[in-house]
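S.K.: Let me begin by handing over the structure; questions about it come next.
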Amino acid sequence: MVALLDELIESEEDARRACNAGLAAVTDPVVADTLRAASTAHAERRDALGGLVTALGGSPPRPDECRELLAHGASEVTGWAIEGPMRSVKDAVLATLAAMRSELKARYRAAIDDPMLDASRRAALGQLAP
């Protein structure tokens, strides 16, 4: 159970880093505001998941201990920020972040469907899911 939650924590941290990488790459102020809000939301969900791990007697990974688990995470966003050869960096970053959000939602759905979860933890994850 703790390992399942830890993977979601790491995924949320990866998503937060991806938003911050996108923020560093775009100049559009509206997009920047959206990325800042998304980064904050990912950090809040990461911390809430950490609370669930602590309640189980575990110790959640610190942000600096988190691996990059998402295929469309910070490395891909950073790559577009550097290269962006075929389309605008803004469009490439936004497309990558949309794919990242879909991947993150799928990870939550898989976790919620895990048979190890009891009803209360399933409900807690359902409330946190993006």
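S.K.: Take the range 28-57 and flag every residue that is touching a Leu at 6+ places or on another chain (Cβ under 8 Å), hydrophobic (A, V, I, L, M, F, W, C) and part of a helix (DSSP H, G or I).
M.R.: 31, 32, 35, 38, 48, 49, 52, 53
S.K.: Does any residue of the range 80-98 turn out to be over 19 Å from residue 29 (Cα atoms), at pLDDT 90 or above and part of a helix (DSSP H, G or I)?
M.R.: no
S.K.: Which of the residues that make up the range 58-71 are assigned to a loop (DSSP other than H, G, I, E, B) and without any contact (Cβ under 8 Å) to a residue 12 or more places away in the chain?
M.R.: Selection gives 59, 62.
S.K.: Quick check: anything in the range 34-53 more than 27 Å from residue 123 (Cβ to Cβ) and crowded, with 19+ Cβ neighbours inside 10 Å?
M.R.: For the range 34-53, residues more than 27 Å from residue 123 (Cβ to Cβ) and crowded, with 19+ Cβ neighbours inside 10 Å: present.
S.K.: From the list 37, 92, 110, 3, pick out the single residue that is free of Cβ contacts under 8 Å to residues at least 40 places away in the same chain and within 14 Å of the chain's Cα centre (by Cα).
M.R.: None of the other options fit; the residue is 37.
The values are calculated or read from the model by the stated rules, or taken from the named source; none is laboratory data. Not measured: the values here are computed from a predicted model. Quick reminder, even Gly has a Cβ in these numbers, built from the backbone with ideal geometry, and neighbours come from all protein chains shown.
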